[in-house]
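Notes for the one structure printed next.
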Amino acid sequence: MRKALRWLLALTVLIGTLSTASAATAAEPEATGTTGTTAAADIKEQLLSIPGMSLIEEKPYTGYRFFVLNYTQPVDHRNPSKGTFQQRITVLHKDVSRPTVFYTGGYNVSTNPGRREPTQIVDGNQVSMEYRFFTPSRPDPADWTKLDIWQAASDQHRIFKALKPIYTKKWISTGGSKGGMTATYFERFYPKDMDGVVAYVAPNDVVNKEDSAYDRFFATVGTEECRDRLNGVQREALVRREPLEKRYAAYAAENGFTFDTIGSLDKAYEATVLDYVWGFWQYSLLSDCDSIPADAKNATDDDIWTSIDTIAGFSFYTDQGLEPYTPYFYQAGTQLGAPTIVFPHIEKKYIRYGYLPPRYFVPRDISMKFQPYAMRDVDTWVKHNARQMLYVYGENDPWGAEPFRLGKGAKDSYVFTAPGLNHGANVAGLVPDQKAFATARILEWAGVASATVQADPSTAKPLAKFDAKLDKRDVEREPTLRP
């Protein structure tokens, strides 16, 4: 699953769609016509008039204006005088008369134009935030104690407050995977900011030491034939540890990879192999089982290596692979928690370390102490206080084994599961009645539901047309952390 992280920089479950403008690529939308605002041609001046906002670059896109910006944030929102840092954000501007979607993937932000599914549904603007401590949005020097879910939620709150006078219509927050968690935490700490929340495939590790739900998931997911193929390859990779680690050493030497953070090549090798089954179900579909060697014991070393590398990725547990994701592993080891599973199909003699805790993936000079109350607090709040929140999970996504659940105190909030889908599950992948219902609720929360949709939610559809470039879709990437 940690291979996820290498791809994560894309951070894209870009599901939406886009209306095509007749103007040239560099053209701008028409004047907004909204009272108290200027024409869209002046949107750059409006954004740059915000104290602390500066322009990195503007990239043209038909029917939109796309800005990459820096926004000055306090390192510590409780003590704003203790220093600042530059946080990178992007604004995909359509029209101030449209609703705005506030997105974060929980990692780096893409600096290319792209839309999330809710943005396509409501045909709105989109503000995207880079999560604090992911470079370049990292204080210098970095006080890692200021990387927590409240500080990050406060980053979002300040950005929202700064932009709300420009984008005065309704706001919907969204994110996938760690971004779905982030959208939830933002709502927990600042419940009056957003008009709705759409959280995709958001893990909810309430009790970090109790992870049996994952074991139950892996015992039944997919088909027995597919599980047997995957388990066979995983076991065989550990049986053939000696020859495959020689190949790993040559691969590392050729690419200049080192293993100081995790501790050794041997630990990195086992960690990669133990990620394999999880990684398959997170990012692949049941139909992809045909690509897995059917007879692992008689497969060649090259077959085993290639299958493990394709799904789990041997470069990830190197120092070079881990470094960009230090902020994630720090959070996993201090607040978010991390899953662990057992391997009943592998004899104990073949497993030397088991799932390693996040501490192994963070440089030792960064102190970490786990806070078990953080996720319990969020979970309790969601159960009793959720308002206009929608969670979407994939049936075959391991992260969905520990989802957010709603209690009696929740209002106008929902949890849906997309059949057969993985970590890329979305509203479009729900069964038809749930898809229409969820779309209708998002439109209603954003204030753009037509009278027809309000009267008959089954008629609800996204308001924007599909754009193959802007709405290119990929799976949100998240590591499998082994506590």
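The values are calculated or read from the model by the stated rules, or taken from the named source; none is laboratory data. All values derive from a computational prediction rather than experimental measurement. As a convention, Cβ positions derive from the backbone with ideal geometry for all residues, glycine included, and neighbour counts pool all protein chains shown. SASA here: full protein model, heavy atoms, side chains in, ligands and nucleic acids out. Shrake-Rupley method; radii C 1.70, N 1.55, O 1.52, S 1.80 Å.
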Next on the checklist: Considering only residues that are open to solvent by 10 Å² or more (accessible area, probe 1.4 Å) and under 18 Å from PHE67 (Cα atoms), which ones fall in segment 124-149?
Outcome noted: PRO136
Next on the checklist: Quick check on segment 37-56. Is at least one of its residues modelled with pLDDT under 95, among the β-branched types (Val, Ile, Thr) and surrounded by 19 or more Cβ atoms within 10 Å (Cβ to Cβ)?
Outcome noted: yes
Item to check | Residue count, segment 423-469 (criterion: touching a Lys or Arg at 6+ places or on another chain (Cβ under 9 Å), farther than 19 Å from SER173 by Cα and of a type in the set (A, V, I, L, M)) | outcome: 3
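Yes or no, residue by residue, for (1) touching a Pro at 6+ places or on another chain (Cβ under 9 Å); (2) modelled with pLDDT under 95; (3) open to solvent by less than 20 Å² (accessible area, probe 1.4 Å); (4) not in a helix (DSSP H, G or I):
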site: ARG247; (1), (2), (3), (4): no, no, no, no
site: TYR276; (1), (2), (3), (4): no, no, yes, no
site: TRP281; (1), (2), (3), (4): yes, no, yes, no
site: PHE314; (1), (2), (3), (4): no, no, yes, yes
Checklist entry - Out of the residues in segment 283-306 that are without any contact (Cβ under 8 Å) to a residue 12 or more places away in the chain, assigned to a helix (DSSP H, G or I) and closer than 20 Å to ARG247 by Cα, which is most open to solvent (accessible area, probe 1.4 Å)? => result ASN298
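A quick yes/no check of all residues on (1) farther than 30 Å from THR300 by Cβ; (2) in contact with a helix residue (DSSP H, G or I) (Cβ under 7 Å, 6 or more places away or on another chain); (3) open to solvent by 10 Å² or more (accessible area, probe 1.4 Å); (4) assigned to a helix (DSSP H, G or I):
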site	(1), (2), (3), (4)
GLY175	yes, yes, no, no
GLY180	yes, no, no, yes
LYS192	yes, no, yes, no
LYS209	yes, no, yes, no
TYR214	yes, yes, no, yes
PHE217	yes, yes, yes, yes
ARG227	no, no, yes, yes
VAL233	no, yes, no, yes
GLU236	no, yes, yes, yes
Checklist outcome for this item: Of the listed residues (VAL277, VAL239), the one being within 26 Å of the chain's Cα centre (by Cα) and either more than 12 Å from PHE316 (Cα to Cα) or of a type in the set (Ser, Thr, Tyr) (or both) is VAL277
Next on the checklist: Given the options ALA162, ALA152, name the one that is touching a residue at least 12 places away in the same chain (Cβ under 8 Å), surrounded by fewer than 22 Cβ atoms within 10 Å (Cβ to Cβ) and part of a helix (DSSP H, G or I).
Outcome noted: ALA162
Checklist entry - Does any residue of segment 365-373 turn out to be open to solvent by 20 Å² or more (accessible area, probe 1.4 Å), in a loop (DSSP other than H, G, I, E, B), in contact with a helix residue (DSSP H, G or I) (Cβ under 9 Å, 6 or more places away or on another chain) and among the aliphatic types (A, V, I, L, M)? => result yes
Item to check | Condition broken by LYS161, with the remaining ones in (1) under 18 Å from the mean Cα position of the chain (by Cα); (2) closer than 28 Å to LYS82 by Cβ satisfied | outcome: (1)
Next on the checklist: Take the residues in segment 75-90 that are touching a strand residue (DSSP E or B) at 6+ places or on another chain (Cβ under 9 Å) and touching a residue at least 60 places away in the same chain (Cβ under 8 Å); name whichever of them is most open to solvent (accessible area, probe 1.4 Å).
Outcome noted: VAL75
Next on the checklist: Could you list, ordered by first residue, the pairs with Cβ atoms under 8 Å in which the first is in segment 421-449 and over 25 Å from LYS472 (Cβ atoms) and open to solvent by 10 Å² or more (accessible area, probe 1.4 Å) and the second is at pLDDT 95 or above and part of a helix (DSSP H, G or I), at least 6 apart or interchain?
Outcome noted: ASP433/SER458; PHE437/PRO457; PHE437/SER458; ARG441/PRO457; GLU444/VAL453; GLU444/GLN454; ALA449/ALA440; ALA449/LEU443
Next on the checklist: Against the condition at pLDDT 95 or above, open to solvent by less than 20 Å² (accessible area, probe 1.4 Å) and within 20 Å of the chain's Cα centre (by Cα), how does VAL378 come out, does it pass?
Outcome noted: yes
